[in-house]
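Notes to accompany the following structure.
Each value in this text was obtained by applying a stated rule to the coordinates, not by laboratory testing. Bear in mind the structure is a predicted one, so any value in this text is a computation, not a measurement. Positions of Cβ are generated from backbone atoms using ideal geometry, with glycine treated the same way; all protein chains shown enter the neighbour counts.
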Amino acid sequence: MSLNSPTASLCEAGAPALIANSDSLREAFGKALSALGDEFPKLVVLDADIAGGTGVHHFRKSHPDRMIQFGIAEQNMMAAAGGMAAVGLIPVVTTFAVFCLRAIEQARLSLCYARRNAKIVASHPGLDVGPDGGSAQALEDLAAFRAIPGMTVISPADPTEMVLATRAMLEYDGPVYMRTGRSPCARLFGEDHKFEIGKGQIIRDGDDVTIVACGIEVARALAAAESLAEEGISARVVNMATIKPIDAALLSRCAVETGALVTAEDHNIHGGLGGAVAEALAATTPCPVEFVGVKDTFGASGEPEELAHHFGISAPFIADAARRAIRRKRK
Amino acid sequence: MNQKFQTVSAQPSPAMLAEKLAEAARFIRCHSVASIFHAGSGHPGGALSSADLFACLYGAEMNVWPNAIHDPSRDRFVLSKGHAAPALYATGAHFGFCDAKAALALRKLNSPFQGHPHVLDLPWVETSTGSLGQGMSVAVGMAIGLRLQKIPARVYTMLGDGELQEGEAWEAAMSAAHHKLDNLCAVIDYNKLQSDNCNDAIMRLEPLADKWRAFGWSVAEIDGHNIPEILDHLGRAGATREKPSVLIAHTIKGKGVPYMENIPTWHGSVKLTPAQTEEALTALGASADEIKGFMHVS
Ligand SMILES: Cc1ncc(C[n+]2csc(CCOP(=O)(O)OP(=O)(O)O)c2C)c(N)n1
Ligand SMILES: [Mg+2]
C-alpha cells in the first residue's frame with residue numbers, strides 16, 4: 001500500500017529556495033571541490049543525504065559520477081571511505097561535524113590506524129550551527145579528532161582560505177579532518193593569501209599579547225585586536241588554521257615576543273585549539289594563556305551571533321581575555 | 001487508552017474521539033507551521049506528515065498526563081526523528097504539557113523549545129534526540145528497563161523513513177525482537193522523502209515490511225492520516241505478546257499544505273515568508289482570528 005509515491009520530477013517542481021549562505025565556508029568548500037574535480041580524477045565525494053547542507057551539491061552537479069550516496073548512515077560511509085582509499089581513490093567524507101563524531105571509531109580504525117589517504121570534511125561545527133540547537137552543535141570535534149594518531153586537523157578562517165585548504169588537503173597524502181562552517185562569514189584574506197598545512201600566520205602584528213584563533217573566531221579575534229588598539233593595547237593575531245600538527249615554532253616565538261597568549265575557538269575550551277596551544281607552550285615556552293571557547297557546556301538554539309555573545313566567544317570576550325592575560329604577565 | 005483521561009470524562013464514542021483527534025491534528029499542523037515561521041528555520045515537511053500520528057498517540061493511545069509527568073507508570077514517547085520537534089511541541093501545547101504561546105518561541109535563545117527536543121529543557125520530553133537512529137535505541141532501553149522493574153508502561157517511538165537507513169535502527173530492531181519487547185511500539189512516518197530527495201533516490205528501503213518481519217517484529221502497514229485506522233492498530237500493537245510491534249504509517253510529507261506536499265525541499269532549512277505562512281494556515285483550515293493569533297505574538 002502506498003498513499004503516494006513522489007517521483008523525481010515531482011520533487012523538482014515547486015521547490016522553495018534553501019536558506020542560502022553564499023559566503024559561508026561550506027559553500028566555498030563545495031565550489032572549490034567542484035573546481036578541483038577534473039584536476040584530481042581519483043577524488044570521490046561521499047554524502048549521507050545532506051549534500052545541500054555540506055556544500056557538495058556543487059560537486060554533484062559538476063561530477064555526478066563521482067558523488068556516492070550512502071543515505072543517512074554515517075558509520076558505513078566513514079569506513080567505506082577507508083575501502084575506497086585502499087583501492088586507490090581519494091575519498092572525501094562529508095557530513096555535519098556532530099555526525100562525524102558518530103563515526104569517529106570508524107575514522108580511527110579504517111582511516112587513521114590503516115593510514116588511508118581519506119578526508120573528512122565537517123560542516124556545521126560549533127555554536128555557528130545556530131537554531132538547530134545544542135544537540136547539533138559539535139563543540140568536541142577538534143578535541144576528539146586531534147586525539148587520533150596520524151590525523152591532521154584543519155579549520156580555515158574565511159572563504160578564500162577554504163579554497164586553498166581544500167586543495168592542500170587533496171595534495172596531502174594522509175587522513176585529514178577539516179571543519180567548514182554554516183553561517184555567512186567575513187572575507188578576511190585577499191587573492192595573495194597562502195595556506196600551508198601545519199603553518200600558522202601572523203595576520204595582524206602587535207607586541208603586548210597574541211591572540212591565536214581558528215575558523216570563524218579569527219574574524220572575532222581581529223575585531224578584538226581593533227578594540228584593544230583603541231585603548232592602547234597592541235595585540236598580535238595569529239590565524240592557526242591547522243590545529244594538528246600545531247605550529248609550535250610560531251607559538252614559541254609569539255610567547256617570547258609578546259609574553260602572553262589568548263586562544264579563541266568555537267569549541268569547548270577543553271582539548272581543542274586551546275589545548276593544543278597550551279601543550280605546545282608548556283613544552284617549550286611557558287607563559288600566561290587565557291582560553292576563549294565554550295566553557296565545558298552544551299550549546300543551545302539561537303542565532304550564531306547571539307550565541308557567541310551568550311556563551312562568551314564574541315569579540316568583547318576575546319578582548320577581556322587579552323586584558324587578563326596581560327595582567328598575569330605583569331604580575 | 002488514556003485511562004486518567006477517562007476517569008475525568010466519560011469515554012467518548014469512536015466518532016467523537018476521531019473528531020477530537022482530527023481537531024488536535026489540525027492544531028498541531030497550524031502550530032508547527034506558525035512556530036517554524038517565527039523561528040525563521042526548521043523542518044515543516046516531517047512535522048506535517050506526522051501530525052495525525054501525534055494526535056492519536058497523545059490524545060488517545062498513551063497513558064500520559066500533564067499533571068503527572070514524573071509518574072513512573074506513565075507511557076514513554078521517544079521522538080527518534082527529533083527534527084519533528086515542532087509537531088511534538090504543538091502536541092504538548094494542545095494536550096496541556098506546555099503553553100501554546102510559549103511554544104511559538106521555537107529555536108530562540110533562552111527558549112526551552114530548541115530545534116531538537118531536549119529532556120533538560122522540557123521535563124515532559126522523555127529524552128534528547130536529533131541524531132537519527134539513536135532514539136530508537138533509547139526506546140529499547142526504556143522498554144527493557146520498565147519490564148525489568150515490572151512497570152506495566154508501554155514505550156512508543158516515532159522514526160522517519162530516511163532514519164531507517166541508519167544501521168543503529170536495525171541494531172535496535174534486532175535487540176527489541178531478541179528481548180521480546182512487546183511493550184515497545186515503533187511508528188514509522190513513511191512519507192517517502194528525506195532531506196535531499198525521495199528515499200528511492202537516496203537509499204532504497206523496500207521491501208520495508210518484509211525487513212521488519214524478518215527482524216522478528218509484528219508489522220502493520222496503515223494509512224497514517226486515517227485516525228480510526230491508526231487507533232485500531234495502536235490498540236492491536238498493545239495486545240500483541242512476545243514481539244515488538246511496528247506501524248508502517250504511509251503518509252504525505254507536508255500533508256495539508258498543498259504547496260509543500262511531496263516536495264523534498266520543504267523538509268528543512270527553509271524560511272517561511274508571512275505570505276507562505278498565511279497560505280499554509282488558510283489551507284489547514286485556520287480562521288482569520290486564529291491566523292492572527294498564530295502569526296502575531298507580542
Ligand atoms: C545521524 C543523523 N544524520 C543526519 C541528520 C540530518 N538530517 C536531519 S533530518 C534528515 C532527513 C530525515 O529524513 P526522514 O527520516 O525521512 O524524516 P522525515 O521525512 O520524517 O522528516 C537528515 C539527513 C541527522 N539529524 N542525524
Ligand atoms: Mg521521510
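A Gaussian network model of chain B, with springs between Cα atoms under 10 Å, assigns the largest mean-square fluctuation among B:114, B:194, B:276 to B:276.
With a cut-off of 11 Å between beta carbons, the residues surrounding residue B:54 carry a summed charge of -2, where Lys and Arg count +1 and Asp and Glu -1. Once both labels are positioned 7 Å from their Cα atoms along Cα-to-Cβ, the gap between residue A:298 and residue B:13 label points is 4.7 nm. Value of Rg to Rh for region A:189-251, rounded to two decimals, is 0.98; Kirkwood radius and Rg both from alpha-carbon coordinates.
If you count, for every residue in A:304-310, the Cβ atoms of partner chains within 10 Å of its Cβ, what is the mean? Walk me through the intermediate numbers first.
Numbers: counts 0, 0, 3, 1, 0, 1, 2.
The mean count of partner-chain Cβ atoms within 10 Å per residue comes to 1.
Between residue A:309 and residue A:257, the distance separating the two model label sites (each 7 Å from Cα on the Cα→Cβ line) works out to 3.4 nm. Other protein chain C-beta atoms within 10 Å of residue C-beta, averaged over B:110-117: 5. Taking B:117, B:14, B:244 as the candidate residues, the one with maximal mean-square fluctuation in a Gaussian network model of chain B, Cα springs under 10 Å, is B:14.
Computed from backbone phi, the HN-Hα couplings of region A:250-258 come to 5, 4, 4, 4, 5, 4, 5, 7, 10 Hz, rounded to whole numbers (Karplus: 6.51 cos²θ - 1.76 cosθ + 1.60, θ = phi - 60°; Gly and Pro given as x). Taking one quarter of the surface of the C-alpha convex hull of the protein assembly as shown gives a mean projected area of 29.3 nm². In chain A, the longest principal axis of the Cα atoms and the axis of helix A:315-330 are about 40 degrees apart. A simple rule links phi to the HN-Hα coupling: the Karplus curve 6.51 cos²θ - 1.76 cosθ + 1.60 with θ = phi - 60°, which for region B:189-206 gives 7, 8, 9, 6, 10, 10, 6, 9, 5, 6, 3, 4, 7, 8, 6, 4, 9, 5 Hz, with x for Gly and Pro. Considering only alpha-carbon pairs that sit under 8 angstrom and 6 or more positions apart, the relative contact order computed for chain A is 16 percent. Taking every DSSP helix (H) stretch of at least 4 residues in chain A, weighting each as -39,500 (n - 2.57) and dividing the sum by the residue count yields a mean residue ellipticity at 222 nm of -11000 deg cm²/dmol.
Around residue B:20, what is the net charge, scoring Lys/Arg as +1 and Asp/Glu as -1 over all other residues with Cβ under 14 Å from its Cβ? Once positives and negatives cancel, what remains is -3. Only one residue of B:127, B:269, B:14 has its Cα farthest out toward the positive end of the dipole of region B:12-295, where Lys and Arg carry +1 and Asp and Glu -1 on Cβ, and that residue is B:127.
In a reduced charge model with +1 at each Lys and Arg Cβ and -1 at each Asp and Glu Cβ, region A:253-330 shows a dipole moment near 620 debye about its Cα centre. Relative to the longest principal axis of the Cα atoms of chain B, the long axis of helix B:227-239 makes an angle of roughly 30 degrees. If you take all other residues with their beta carbon under 15 Å from the beta carbon of residue B:276, and give Lys and Arg +1 and Asp and Glu -1, the sum is -1.
Assuming a ≥ b ≥ c are the square roots of the Cα gyration tensor eigenvalues, decide whether region A:201-330 counts as rounded (a/c under 1.5), prolate (otherwise, with a/b larger than b/c) or oblate. It is oblate, given that a/c is not under 1.5 and a/b is not larger than b/c. For the residue pairs A:31/A:295; B:20/B:211; A:31/A:244; A:61/B:253; A:295/B:192; A:199/B:108, the alpha carbons lie more than 30 Å apart in A:31/A:295; B:20/B:211; A:295/B:192; A:199/B:108. Tell me the angle of helix A:273-284 to the major Cα principal axis of chain A, expressed in degrees between 0 and 90 and rounded to the nearest ten. That works out to roughly 50 degrees. The peptide list A:283-295, A:234-246, B:260-272, put in order of mean Cβ contacts within 10 Å with the highest first, becomes A:234-246, B:260-272, A:283-295. Label positions at residue B:240 and residue A:105, each projected 7 Å from the Cα along the C-beta direction, are separated by 2.9 nm.
Here the dipole of region A:21-179 is about 400 debye; that uses its Cα centre as origin and unit charges on the Cβ of Lys and Arg (positive) and Asp and Glu (negative). At q = 0.20, 0.21, 0.30, 0.34 Å⁻¹ the log10 of I(q)/I(0) for region A:79-123 amounts to -0.54, -0.59, -1.08, -1.24, computed by Debye summation with a single uniform scatterer per C-alpha, solvent ignored. Note on chain B: GNM, Cα springs under 10 Å; of B:222, B:28, B:248, the largest mean-square fluctuation is that of B:222. The dipole here belongs to region B:12-295: it is taken about the Cα centre, uses +1 on the Cβ of Lys and Arg and -1 on the Cβ of Asp and Glu, and is about 480 debye.
Centre-to-centre, using Cα atoms only, region A:289-331 and region B:183-234 are separated by 46 Å. Close amide H partners of residue A:178, meaning residues 5 or more places away or on another chain with modelled amide H under 5 Å apart, are A:120, A:121, A:122, A:154. Here's the list of aspartates and glutamates a cross-link from residue B:150 could span, going by alpha-carbon distance under 20 Å and ignoring same-chain residues fewer than 8 apart: B:71, B:75, B:126, B:182, B:242.
The calculated 222 nm mean residue ellipticity attributable to helices in chain B amounts to -12500 deg cm²/dmol, summing -39500 (n - 2.57) over DSSP H runs of n ≥ 4 and dividing by all residues. Of all DSSP-defined beta bridges confined to region A:189-331, some 20% are antiparallel rather than parallel. Stretched out straight at 0.36 nm per residue, the stretch from residue B:200 to residue B:288 would grow longer than its current Cα-Cα span by 27.7 nm.
For residue A:244, the residues whose modelled amide H falls within less than 5 Å of its own, excluding neighbours fewer than 5 places apart on the same chain, are A:153. Classify region A:21-179 as rounded, prolate or oblate, taking a ≥ b ≥ c as the square roots of the eigenvalues of its Cα gyration tensor: rounded when a/c is under 1.5, otherwise prolate if a/b is larger than b/c and oblate if not. Verdict is rounded for region A:21-179. Note that region B:126-142 has calculated 3J(HN,Hα) couplings of 7, 7, 7, 9, x, 9, 4, x, 6, x, 4, 5, 4, 4, 4, x, 4 Hz, one per residue in order, obtained from phi through the Karplus relation 6.51 cos²θ - 1.76 cosθ + 1.60 (θ = phi - 60°); glycine and proline are x.
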